[in-house]
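Everything below concerns the one structure shown next.
The values are calculated or read from the model by the stated rules, or taken from the named source; none is laboratory data. These numbers come from a predicted model, not from an experiment. Glycine also receives a Cβ, built like all others from the backbone with ideal geometry; neighbour counts cover every protein chain displayed. Surface areas here come from the heavy atoms of the whole protein model, side chains and all, with no ligands, DNA or RNA. Shrake-Rupley method; radii C 1.70, N 1.55, O 1.52, S 1.80 Å.
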Amino acid sequence: MPQRTAHRSDIRPATEGDIAELVRLRASLFEHLGGDYFNPASGDNSWQGALAVVLKEQLATGAMRILVVDGDAGLAACAIGSVEQRLPGPHLRSGRVGLVIGVVTDPAHRRRGHSRALMRGLLDWFREREVSRVDLYASHEGEPLYRDLGFVDHPDPALYWRP
């Protein structure tokens with residue numbers, strides 16, 4: 001059977017019935033990224049239950065935009081974005097910053113344009129919310145897509161701290 005290319009019309013907002021599949025896709029992302037940061041050896045799967053709770057809450061409040069593409073059995077792909085209100089400044093006129101939390105495509109559904117269609121949907125949502133900037137952390141595989149969509153290197157170094 002020929003592979004279908006995704007279009008914007010193929011994406012839809014996630015529902016509560018998608019939560020188990022969203023958790024599955026997020027888990028596959030962390031397995032793929034690997035390493036101690038994303039998939040620590042000392043970790044267990046308890047985070048998946050916490051993720052399901054947060055996804056349910058976020059879907060109920062609409063605080064996040066979660067878009068999905070249906071596959072043959074389950075979800076083919078998903079993208080999650082949020083908007084954070086920061087303090088406005090000359091470089092951040094509205095103070096609103098979009099964050100692409102993650103874009104994941106099931107391995108069986110890759111190379112069909114799902115990530116591009118989902119990202120375009122998220123970028124439209126960010127524009128509607130008049131964000132001043134959209135941030136994301138790209139995998140090596142995803143970086144060419146994001147650059148093609150207009151993402152550039154961030155001027156600030158990305159640092160993190162764990163308590």
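Remarks
- Selection of segment 100-110 for residues being touching a residue at least 40 places away in the same chain (Cβ under 8 Å) and open to solvent by 60 Å² or more (accessible area, probe 1.4 Å) yields only P107.
- Pick from segment 131-153, criterion within 13 Å of V100 (Cβ to Cβ) and part of a loop (DSSP other than H, G, I, E, B), ranking: modelled with the lowest pLDDT: S139
- Taken over segment 111-134, the residue count meeting the criterion of being among the charged types (D, E, K, R), touching a residue at least 40 places away in the same chain (Cβ under 8 Å) and within 14 Å of G150 (Cβ to Cβ) is 3.
- Any chance L75 is in contact with a strand residue (DSSP E or B) (Cβ under 8 Å, 6 or more places away or on another chain), open to solvent by less than 60 Å² (accessible area, probe 1.4 Å), among the aliphatic types (A, V, I, L, M) and modelled with pLDDT under 95: no
- Selection within segment 87-99: residues that are free of Cβ contacts under 8 Å to residues at least 40 places away in the same chain and open to solvent by 90 Å² or more (accessible area, probe 1.4 Å). The member of this set that is farthest from the chain's Cα centre (by Cα) is P90.
Okay, residues lined up against (1) open to solvent by 80 Å² or more (accessible area, probe 1.4 Å); (2) in contact with a Gly (Cβ under 9 Å, 6 or more places away or on another chain); (3) among the hydroxyl-bearing types (S, T, Y):
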{"site": "L123", "(1), (2), (3)": "no, yes, no"}
{"site": "F126", "(1), (2), (3)": "no, yes, no"}
{"site": "R133", "(1), (2), (3)": "no, yes, no"}
{"site": "A138", "(1), (2), (3)": "no, no, no"}
{"site": "L145", "(1), (2), (3)": "no, no, no"}
{"site": "G150", "(1), (2), (3)": "no, no, no"}
{"site": "H154", "(1), (2), (3)": "yes, no, no"}
{"site": "L159", "(1), (2), (3)": "yes, no, no"}
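- Residues in segment 111-121 that are among the hydrophobic types (A, V, I, L, M, F, W, C) and farther than 28 Å from G89 by Cβ were compared, and the one that is surrounded by the most Cβ atoms within 10 Å (Cβ to Cβ) is L118.
- Single condition G74 does not satisfy, out of (1) in contact (Cβ under 8 Å) with a residue 60 or more places away in the chain; (2) on the phi > 0 side of the Ramachandran plot; (3) not acidic (D, E): (1)
- All positions within segment 81-117 that are in contact with a strand residue (DSSP E or B) (Cβ under 6 Å, 6 or more places away or on another chain) and hydroxyl-bearing (S, T, Y): S82, T105, S115
- Picking from residues in segment 26-36 that are in a helix (DSSP H, G or I) and under 14 Å from S139 (Cβ atoms), the one that is modelled with the lowest pLDDT is G35.
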